[in-house]
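Since the structure comes first, as structure tokens, the remarks are kept for the end.
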Amino acid sequence: MSVPPQVIERLKAAAGPKGYTDDPHEIAPHVEEWRGKFHGHTPLMLKPSSTAEVSAVLSICHETGTPVVPQGGNTGLVGGQIPFAGEVLLSLSRMNRVRHVDAAGAYLVAEAGAILADVQAAAEGAGLLFPLRIASEGSCTIGGNLSTNAGGENVLRYGTARDLALGLQVVLADGTVLDMLRTLHKDNTGYDLKQLFIGAEGTLGVVTAAALSLFPKPENTVTVFAGVSDPAAAIALLSRLQAASGGLISACEVIARFGLDLVLAHIPGTAHPLRSHAPWYLLVEATGPARFDLRGAFEDRLSRAADDGLVADAVFAASEAQRAALWKLRESLSEAQKKEGASIKHDISLPVARIPEFLEKATAAVTAKIPGARPCPFGHLGDGNIHFNISAPRGADAAAFLAQWEAMAHIVHDMVHAMGGSYSAEHGIGVLKRADMARYKSRPELDLMRALKRTLDPKNILNPGKLLP
Ligand code: ZN
């Protein structure tokens with residue numbers, strides 16, 4: 001497809017002199033996915049600086065039937081932010097202000113293009129916490145976080161992006177502005193429309209600003225790294241520690257030994273934190289008030305868990321540097337796996353209690369399909385989200401291995417579906433998982449999603465070809 005020159009000129013005028021670029025060099029990084037997995041192209045990147053400009057742009061797109069792809073920090077993993085068919089790109093990057101922090105009300109209002117790390121810093125500056133914590137926080141944006149319902153490491157305690165949004169400002173496909181920047185905890189006035197746009201990946205409207213919940217800044221952080229025999233022991237240990245802390249656990253990450261071995265082999269400056277190896281590892285972090293002896297509570301439960309054979313060995317971070325070193329083991333997994341060679345990735349979630357059964361069955365199934373394939377499961381055990389990644393067999397041809405991606409995904413996702421889980425826990429659908437939507441979403445749910453899409457975007461101009469099969 002191509003956008004007519006007169007439409008391009010109208011869009012440029014609507015976005016203002018600094019509000020667009022058609023320079024291929026400036027556009028290039030915005031049409032490439034950061035891992036090089038997805039490539040797109042566009043004749044025009046719009047960079048509006050206000051909600052009014054976004055509205056003007058979308059009303060022209062609606063009138064002329066011009067498709068448009070909204071983009072935040074371009075950190076998405078499923079291709080949702082890429083203009084594959086030459087659509088106009090709508091970057092929210094210039095709308096990057098934190099407009100207002102209300103410490104007493106425990107919320108802030110940020111524009112869609114605000115970088116997540118800047119929002120975290122604004123909260124911290126007011127003595128509070130914005131708890132969304134994901135690997136890309138230095139470059140991802142609030143608008144993207146909401147549009148993809150980002151998850152990450154603190155979901156167990158604070159929920160996903162969806163749970164952190166008090167209010168939203170959204171521009172609809174025809175340019176209509178929905179001002180829903182309310183900051184209420186109770187608002188029982190019918191359908192919660194803001195939730196329609198969260199996790200919609202820009203297919204129903206463009207998020208331009210959000211009111212976000214803030215929380216008390218932790219005075220005391222306890223981080224412990226433990227070796228356990230199997231995932232069932234990890235879950236049992238988590239529930240004991242959760243009870244010991246009164247529900248103050250903010251993160252609970254699981255790592256298979258293979259993953260830790262890859263990190264130790266490939267990432268400089270890492271070291272095994274325990275005296276001996278274990279089949280599985282658990283990284284648990286809890287935060288609370290200074291006067292509550294979290295560490296003492298954990299030590300007590302860990303020693304009893306050791307007596308019961310649930311935990312082999314454990315170490316507490318004794319300093320901020322040690323805490324960072326423990327987290328580096330978890331956060332380097334993707335990079336270490338990349339250095340080991342090709343990998344096929346699955347971002348799945350399950351009821352927590354079914355994770356041990358899944359890991360056992362899925363490991364058997366994928367290694368039966370590709371002998372020598374090396375599963376590298378890790379992830380957010382506490383909220384049921386496992387990144388069930390599979391490294392290629394040693395010495396395997398990368399292209400031949402990656403050609404099995406779809407067949408492998410069917411095996412893993414069929415199993416997840418049968419166990420009441422989800423084929424996309426936190427990365428979204430984009431283009432990567434559209435076929436899974438057709439395969440696993442129930443017919444009535446898909447019909448309702450399509451009806452909503454037709455109602456809100458009758459000309460199908462907003463991120464066409466994404467999310468819906
Ligand atoms: Zn994750």
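Between G428, G465, G395, G421, which is more than 16 Å from the ligand (Cβ to nearest atom) and either touching a strand residue (DSSP E or B) at 6+ places or on another chain (Cβ under 8 Å) or within 30 Å of L359 (Cβ to Cβ) (or both)? Don't jump to the end; show me each part of the working.
Values: G428 fails: more than 16 Å from the ligand (Cβ to nearest atom); G465 fails: either touching a strand residue (DSSP E or B) at 6+ places or on another chain (Cβ under 8 Å) or within 30 Å of L359 (Cβ to Cβ) (or both); G421 fails: more than 16 Å from the ligand (Cβ to nearest atom).
Among G428, G465, G395, G421, only G395 is more than 16 Å from the ligand (Cβ to nearest atom) and either touching a strand residue (DSSP E or B) at 6+ places or on another chain (Cβ under 8 Å) or within 30 Å of L359 (Cβ to Cβ) (or both).
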Any residue at all in region 172-179 that is open to solvent by 10 Å² or more (accessible area, probe 1.4 Å), part of a helix (DSSP H, G or I) and modelled with pLDDT of 95 or more?
no
| query | Is it the case that region 354-370 has a residue that's part of a helix (DSSP H, G or I), modelled with pLDDT of 95 or more and within 15 Å of the ligand (Cβ to nearest atom)? | reply | yes
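Run down E219, E201 and say which single residue is open to solvent by 60 Å² or more (accessible area, probe 1.4 Å) and in contact (Cβ under 8 Å) with a residue 60 or more places away in the chain. Reasoning before the result, please.
On the way: E201 fails: open to solvent by 60 Å² or more (accessible area, probe 1.4 Å).
Matching residue, one of E219, E201: E219.
Within region 371-389, take every residue that is touching a Lys or Arg at 6+ places or on another chain (Cβ under 7 Å) and within 30 Å of Y158 (Cβ to Cβ) and give me the one that is nearest to the ligand (Cβ to nearest atom). Please lay out each step first, then the result.
So the first thing to find is which residues in region 371-389 are touching a Lys or Arg at 6+ places or on another chain (Cβ under 7 Å), and the list is 372, 387, 389.
Cutting the leftovers down to within 30 Å of Y158 (Cβ to Cβ) gives us 387, 389.
Working: H387: 6, N389: 11 Å.
Taking the candidates together, the pick is H387.
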Considering residues that are open to solvent by 10 Å² or more (accessible area, probe 1.4 Å) and either assigned to a loop (DSSP other than H, G, I, E, B) or farther than 27 Å from G151 by Cα (or both), the number found within region 47-74 is 17
If we take region 75-156, then strands (runs of 3 or more DSSP E) inside it with 1 or more residues that are open to solvent by 30 Å² or more (accessible area, probe 1.4 Å), away from the ligand (no atom under 16 Å from the Cβ) and more than 20 Å from E33 (Cα to Cα) are 98-102, 107-111
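Condition check: surrounded by 24 or more Cβ atoms within 10 Å (Cβ to Cβ) and at pLDDT 95 or above. Does F225 satisfy that?
Numbers: surrounded by 24 or more Cβ atoms within 10 Å (Cβ to Cβ): yes; at pLDDT 95 or above: yes.
In short, yes.
Does region 19-76 hold any residues that are small (G, A, S) and more than 23 Å from V177 (Cα to Cα), and which are they?
Here is the first cut: in region 19-76, the ones small (G, A, S) are 19, 28, 36, 40, 49-50, 52, 55-56, 59, 65, 72-73, 76.
Listed by number, the residues that qualify are A28, G36, G40, G76.
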The condition of being part of a helix (DSSP H, G or I), touching a Phe, Trp or Tyr at 6+ places or on another chain (Cβ under 8 Å) and within 26 Å of F130 (Cβ to Cβ) holds, among L212, L241, only for L241
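Of the residues K338, K433, K441, which single one is of a type outside the set (F, W, Y) and modelled with pLDDT under 95?
K338
The values are calculated or read from the model by the stated rules, or taken from the named source; none is laboratory data. Every value quoted in this text rests on a predicted model; they were computed, and no experiment measured them. Note: ideal-geometry Cβ built from the backbone for every residue, glycine included; neighbour counts use all protein chains shown. Quick note on the areas: whole protein, heavy atoms, side chains included, nothing else; ligands and nucleic acids left out. Shrake-Rupley method; radii C 1.70, N 1.55, O 1.52, S 1.80 Å.
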